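This report concerns only the one structure given below.
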Amino acid sequence: AVVSTQSTGMERCGYRCAGCGMKIAISLIGTFRYCAYLGKYFCHSCHHEQSAFIPARILHKWDFRKQRVSNFAADLLGKMTGEPLYSVQDINSPLYKSVSDLKYVRSLRYQLYFLNEYLRACKNGKDLLGSVTIRGHIYNDPELFSLEDLCSVKDRSMMESLRPIVTSWLQHVDNCGLCRGKGFICELCARKEVIYPFQLTTVFQCQMCWTCFHQSCFSGTCPKCARIQSRRTLSQEVDPAPQEILSN
(Lines give C-alpha, C1' and ligand atoms only; values in the text may rest on other atoms or scores of the structure.)
Protein backbone atom coordinates (compact mmCIF):
# COMPACT_ATOMS: atom_id res chain seq x y z
CA ALA A 1 0.00 0.00 0.00
CA VAL A 2 2.88 2.37 0.83
CA VAL A 3 4.58 1.61 -2.50
CA SER A 4 1.30 2.13 -4.34
CA THR A 5 0.74 5.47 -2.59
CA GLN A 6 4.29 6.62 -3.35
CA SER A 7 3.94 5.51 -6.96
CA THR A 8 0.71 7.52 -7.31
CA GLY A 9 2.29 10.56 -5.66
CA MET A 10 5.35 10.40 -7.89
CA GLU A 11 3.21 9.94 -10.97
CA ARG A 12 1.28 13.12 -10.13
CA CYS A 13 4.50 15.15 -10.08
CA GLY A 14 5.86 13.57 -13.26
CA TYR A 15 8.44 11.48 -11.40
CA ARG A 16 10.28 14.63 -10.45
CA CYS A 17 11.61 15.89 -7.12
CA ALA A 18 9.20 18.50 -5.74
CA GLY A 19 12.22 20.57 -4.74
CA CYS A 20 14.85 20.66 -7.48
CA GLY A 21 12.76 19.06 -10.23
CA MET A 22 15.19 16.21 -10.88
CA LYS A 23 13.53 13.42 -12.84
CA ILE A 24 14.18 9.74 -12.09
CA ALA A 25 13.34 6.38 -13.58
CA ILE A 26 10.17 4.72 -12.35
CA SER A 27 12.26 1.88 -10.92
CA LEU A 28 13.97 4.31 -8.51
CA ILE A 29 10.92 5.99 -6.97
CA GLY A 30 11.51 4.11 -3.72
CA THR A 31 14.62 6.20 -3.09
CA PHE A 32 12.59 9.44 -2.82
CA ARG A 33 11.51 10.72 0.58
CA TYR A 34 8.06 11.92 1.59
CA CYS A 35 7.50 15.34 3.21
CA ALA A 36 4.70 15.12 5.79
CA TYR A 37 4.11 18.89 5.66
CA LEU A 38 3.89 19.46 1.90
CA GLY A 39 2.61 16.00 1.00
CA LYS A 40 5.17 15.61 -1.81
CA TYR A 41 8.26 13.54 -2.56
CA PHE A 42 11.83 14.82 -2.63
CA CYS A 43 15.26 13.56 -3.58
CA HIS A 44 17.96 12.99 -0.95
CA SER A 45 19.54 16.39 -1.66
CA CYS A 46 16.25 18.20 -0.94
CA HIS A 47 15.16 16.02 1.99
CA HIS A 48 17.61 15.36 4.82
CA GLU A 49 14.97 13.63 6.96
CA GLN A 50 14.65 16.44 9.46
CA SER A 51 11.72 16.15 11.88
CA ALA A 52 9.15 18.83 12.72
CA PHE A 53 5.74 19.37 14.27
CA ILE A 54 2.98 19.42 11.66
CA PRO A 55 0.40 22.18 12.36
CA ALA A 56 -2.50 20.32 10.71
CA ARG A 57 -1.93 17.20 12.83
CA ILE A 58 -1.92 19.34 15.98
CA LEU A 59 -4.99 21.40 15.05
CA HIS A 60 -7.10 18.46 13.93
CA LYS A 61 -5.86 15.57 16.08
CA TRP A 62 -3.85 17.24 18.87
CA ASP A 63 -1.00 15.04 17.63
CA PHE A 64 2.45 16.35 18.56
CA ARG A 65 4.47 13.49 17.12
CA LYS A 66 7.19 14.93 14.90
CA GLN A 67 7.18 13.90 11.24
CA ARG A 68 9.92 13.86 8.62
CA VAL A 69 9.88 16.88 6.34
CA SER A 70 11.85 18.26 3.41
CA ASN A 71 14.58 20.84 3.84
CA PHE A 72 12.30 23.58 2.50
CA ALA A 73 9.46 22.62 4.86
CA ALA A 74 11.80 22.40 7.86
CA ASP A 75 13.12 25.88 7.11
CA LEU A 76 9.62 27.30 6.58
CA LEU A 77 8.20 25.77 9.75
CA GLY A 78 11.20 27.01 11.71
CA LYS A 79 10.68 30.57 10.49
CA MET A 80 6.97 30.69 11.23
CA THR A 81 6.96 28.78 14.52
CA GLY A 82 6.45 31.98 16.54
CA GLU A 83 3.93 33.61 14.20
CA PRO A 84 0.27 33.64 15.42
CA LEU A 85 -1.21 32.12 12.27
CA TYR A 86 -3.81 29.67 13.52
CA SER A 87 -7.32 30.40 14.76
CA VAL A 88 -8.46 27.26 16.55
CA GLN A 89 -12.00 28.65 16.59
CA ASP A 90 -12.07 28.90 12.79
CA ILE A 91 -10.06 25.79 11.98
CA ASN A 92 -11.38 23.25 14.48
CA SER A 93 -13.49 24.71 17.31
CA PRO A 94 -14.45 21.26 18.77
CA LEU A 95 -10.81 20.96 19.83
CA TYR A 96 -11.60 23.28 22.75
CA LYS A 97 -14.08 20.71 24.07
CA SER A 98 -11.75 17.74 23.68
CA VAL A 99 -8.58 19.39 25.07
CA SER A 100 -9.22 20.86 28.52
CA ASP A 101 -5.83 22.59 28.78
CA LEU A 102 -6.45 24.41 25.50
CA LYS A 103 -9.88 25.53 26.70
CA TYR A 104 -8.41 26.73 30.00
CA VAL A 105 -5.59 28.68 28.31
CA ARG A 106 -8.17 30.29 26.04
CA SER A 107 -10.16 31.47 29.09
CA LEU A 108 -6.99 32.90 30.67
CA ARG A 109 -6.22 34.77 27.47
CA TYR A 110 -9.75 36.18 27.28
CA GLN A 111 -9.44 37.38 30.86
CA LEU A 112 -6.20 39.13 29.92
CA TYR A 113 -7.91 40.58 26.85
CA PHE A 114 -10.60 42.30 28.95
CA LEU A 115 -8.25 43.20 31.80
CA ASN A 116 -5.85 44.80 29.31
CA GLU A 117 -8.55 47.31 28.37
CA TYR A 118 -8.89 48.36 32.01
CA LEU A 119 -5.16 48.65 32.63
CA ARG A 120 -4.50 50.59 29.42
CA ALA A 121 -7.00 53.25 30.49
CA CYS A 122 -5.67 53.40 34.05
CA LYS A 123 -2.75 55.67 34.90
CA ASN A 124 -1.80 53.30 37.71
CA GLY A 125 -2.00 50.17 35.54
CA LYS A 126 0.37 51.12 32.72
CA ASP A 127 3.45 50.13 34.71
CA LEU A 128 1.87 46.73 35.30
CA LEU A 129 1.36 46.29 31.56
CA GLY A 130 4.95 47.33 30.89
CA SER A 131 6.30 44.65 33.20
CA VAL A 132 4.71 41.83 31.16
CA THR A 133 7.03 39.96 28.80
CA ILE A 134 4.45 37.88 26.92
CA ARG A 135 3.84 38.63 23.24
CA GLY A 136 1.04 41.04 22.38
CA HIS A 137 -1.20 38.59 20.51
CA ILE A 138 -1.56 36.51 23.67
CA TYR A 139 -3.87 39.13 25.19
CA ASN A 140 -4.82 41.16 22.11
CA ASP A 141 -6.24 38.26 20.07
CA PRO A 142 -7.13 35.27 22.28
CA GLU A 143 -8.19 33.07 19.36
CA LEU A 144 -4.86 33.16 17.52
CA PHE A 145 -2.09 30.67 18.26
CA SER A 146 1.38 30.16 16.86
CA LEU A 147 2.93 26.73 16.52
CA GLU A 148 5.09 27.64 19.51
CA ASP A 149 1.96 28.58 21.49
CA LEU A 150 0.31 25.24 20.77
CA CYS A 151 3.42 23.41 21.95
CA SER A 152 3.46 25.49 25.15
CA VAL A 153 -0.18 24.58 25.76
CA LYS A 154 0.74 20.93 25.35
CA ASP A 155 3.59 21.08 27.89
CA ARG A 156 1.46 23.36 30.12
CA SER A 157 4.11 26.09 30.24
CA MET A 158 1.71 28.72 28.85
CA MET A 159 -0.81 27.92 31.53
CA GLU A 160 1.81 28.30 34.23
CA SER A 161 3.08 31.62 32.82
CA LEU A 162 -0.36 33.21 32.33
CA ARG A 163 -1.98 32.33 35.66
CA PRO A 164 0.16 34.67 37.82
CA ILE A 165 -0.32 37.51 35.30
CA VAL A 166 -4.10 37.10 35.43
CA THR A 167 -3.97 37.03 39.23
CA SER A 168 -1.84 40.18 39.35
CA TRP A 169 -4.08 42.10 36.95
CA LEU A 170 -7.23 41.00 38.79
CA GLN A 171 -5.76 42.22 42.08
CA HIS A 172 -5.00 45.59 40.52
CA VAL A 173 -8.57 46.08 39.26
CA ASP A 174 -9.97 44.96 42.60
CA ASN A 175 -7.82 47.46 44.51
CA CYS A 176 -7.97 50.36 42.04
CA GLY A 177 -10.77 52.89 42.40
CA LEU A 178 -10.34 54.06 38.80
CA CYS A 179 -10.75 50.56 37.41
CA ARG A 180 -13.62 49.65 39.72
CA GLY A 181 -15.39 52.80 38.54
CA LYS A 182 -15.47 51.34 35.03
CA GLY A 183 -17.26 48.20 36.13
CA PHE A 184 -20.98 47.52 35.63
CA ILE A 185 -24.04 47.08 37.81
CA CYS A 186 -26.49 44.48 36.51
CA GLU A 187 -29.73 46.39 35.92
CA LEU A 188 -31.75 43.17 35.73
CA CYS A 189 -31.47 42.36 39.43
CA ALA A 190 -31.36 44.08 42.79
CA ARG A 191 -27.75 43.15 43.54
CA LYS A 192 -25.38 46.10 43.75
CA GLU A 193 -22.12 44.24 43.23
CA VAL A 194 -19.77 45.55 40.54
CA ILE A 195 -19.33 43.11 37.68
CA TYR A 196 -16.79 42.99 34.86
CA PRO A 197 -16.54 41.38 31.40
CA PHE A 198 -13.50 39.36 32.45
CA GLN A 199 -15.69 37.34 34.85
CA LEU A 200 -16.24 34.85 32.06
CA THR A 201 -18.19 32.20 33.96
CA THR A 202 -20.73 34.49 35.62
CA VAL A 203 -21.07 37.61 33.45
CA PHE A 204 -22.58 38.16 30.00
CA GLN A 205 -21.51 41.16 27.91
CA CYS A 206 -23.76 42.46 25.14
CA GLN A 207 -21.82 42.54 21.88
CA MET A 208 -23.73 45.60 20.65
CA CYS A 209 -23.51 48.08 23.53
CA TRP A 210 -20.92 46.23 25.72
CA THR A 211 -23.10 46.43 28.84
CA CYS A 212 -22.62 43.60 31.32
CA PHE A 213 -25.23 41.49 33.13
CA HIS A 214 -25.20 38.43 35.34
CA GLN A 215 -25.51 35.36 33.13
CA SER A 216 -28.22 34.08 35.46
CA CYS A 217 -30.22 37.29 34.94
CA PHE A 218 -29.86 37.73 31.20
CA SER A 219 -32.77 36.29 29.19
CA GLY A 220 -31.59 37.07 25.66
CA THR A 221 -32.71 40.69 25.25
CA CYS A 222 -30.44 43.56 26.22
CA PRO A 223 -32.54 46.29 27.93
CA LYS A 224 -30.04 49.01 27.03
CA CYS A 225 -30.12 48.10 23.34
CA ALA A 226 -33.93 48.00 23.55
CA ARG A 227 -33.97 51.54 25.00
CA ILE A 228 -31.60 52.79 22.32
CA GLN A 229 -33.76 51.30 19.59
CA SER A 230 -36.92 52.71 21.19
CA ARG A 231 -35.43 56.22 21.32
CA ARG A 232 -34.23 55.93 17.73
CA THR A 233 -37.70 54.88 16.56
CA LEU A 234 -39.35 57.68 18.56
CA SER A 235 -36.90 60.22 17.13
CA GLN A 236 -37.73 59.14 13.59
CA GLU A 237 -41.45 59.52 14.30
CA VAL A 238 -41.04 63.01 15.82
CA ASP A 239 -38.55 64.26 13.23
CA PRO A 240 -39.57 62.91 9.80
CA ALA A 241 -36.95 62.67 7.09
CA PRO A 242 -36.59 65.75 4.79
CA GLN A 243 -38.08 63.94 1.79
CA GLU A 244 -41.19 63.09 3.81
CA ILE A 245 -41.66 66.79 4.72
CA LEU A 246 -41.33 67.84 1.08
CA SER A 247 -43.81 65.19 -0.08
CA ASN A 248 -46.38 66.55 2.37
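The values are calculated or read from the model by the stated rules, or taken from the named source; none is laboratory data. Small disclaimer: the values here were computed from a predicted structure and weren't measured. We place every Cβ from the backbone using ideal geometry, glycine too, and count neighbours over all the protein chains shown. Heavy atoms of the whole protein, side chains included, go into the accessibility calculation; ligands, DNA and RNA do not. Shrake-Rupley method; radii C 1.70, N 1.55, O 1.52, S 1.80 Å.
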Exercise for the section: Could you work out how far helix 157-175 tilts from the main Cα principal axis of the chain, as a 0 to 90 degree angle to the nearest 10? Expected result: 10
Exercise for the section: Could you work out the Rg to Rh ratio of the range 1-108, with Rh taken as the Kirkwood radius (inverse of the mean 1/r over all Cα pairs)? Expected result: 1.09
Completion exercise
Helix 2-12 sits off the longest principal axis of the Cα atoms of the chain, rounded to the nearest 10 on a 0 to 90 degree scale, by 80
Problem - the chain: projected area of the alpha-carbon convex hull, averaged over directions, in nm² - result: 23.3
Handout entry: Inter-label distance for CYS209 and GLU117, nm, one decimal - labels placed 7 Å from Cα along Cα-to-Cβ
Key = 1.5
Problem - Rounded to whole Hz, the Karplus (6.51, -1.76, 1.60) HN-Hα couplings of the range 204-217, x for glycine and proline - result: 10, 10, 5, 7, 9, 10, 6, 6, 10, 9, 5, 4, 6, 8
Handout entry: Contact order relative to length of the range 157-226, as percent, for alpha carbon pairs under 8 angstrom and 6 or more apart
Key = 20
Practice task
Give the cross-link partners of LYS66 among the lysines, using a straight C-alpha distance below 30 Å as the criterion and excluding same-chain residues fewer than 8 apart.
Solution key: LYS23, LYS40, LYS79, LYS97, LYS103, LYS154
Problem - Angle in degrees between helix 223-238 and the longest Cα principal axis of the chain, rounded to the nearest 10 - result: 70
Exercise for the section: Grab the other residues whose beta carbon is less than 15 angstrom from that of GLU187, score K and R as +1, D and E as -1, and report the net. Expected result: +3
Exercise for the section: Convert each backbone phi in the range 122-129 into a coupling constant with the Karplus relation 6.51 cos²θ - 1.76 cosθ + 1.60 (shift: θ = phi - 60°), then list the ³J(HN,Hα) values in order as whole Hz, x for Gly and Pro. Expected result: 10, 5, 8, x, 5, 5, 5, 5
Problem - Amide H contacts under 5 Å for GLN50, placed H, 5+ residues apart - result: VAL69
Fill in the blank from the handout: Extend 7 Å from the Cα of MET159 along its Cα-to-C-beta direction; within the range 90-106, residues with backbone N under 19 Å of that point are 94-106
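What is the mean projected area of the alpha carbon convex hull for the range 109-248, to one decimal in square nanometres?
Values: hull surface 51.9 nm².
Dividing the Cα hull surface by four gives the mean projection, 13.0 nm².
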Handout entry: Table column - 3J(HN,Hα) (Hz), the range 46-60, Karplus curve with 6.51, -1.76, 1.60, x for Gly and Pro
Key = 9, 9, 9, 6, 6, 10, 7, 6, 9, x, 4, 5, 6, 6, 9
Fill in the blank from the handout: With R₀ set to 41 angstrom, the calculated FRET efficiency between the beta-carbons of SER45 and ASP90, to the nearest 0.05, is 0.65
Fill in the blank from the handout: Hits in the range 181-203: amide N under 13 Å from the 7 Å Cα→Cβ extension of ARG227, namely 185-189
Practice task
Run the accessible area of the chain with a 1.4 Å probe and give the carbon-and-sulfur part as a rounded percent.
Solution key: 53
Fill in the blank from the handout: As straight-line cross-link partners of LYS224, the qualifying aspartates and glutamates (C-alpha separation under 19 Å, not fewer than 8 residues apart within one chain) are GLU187, GLU193
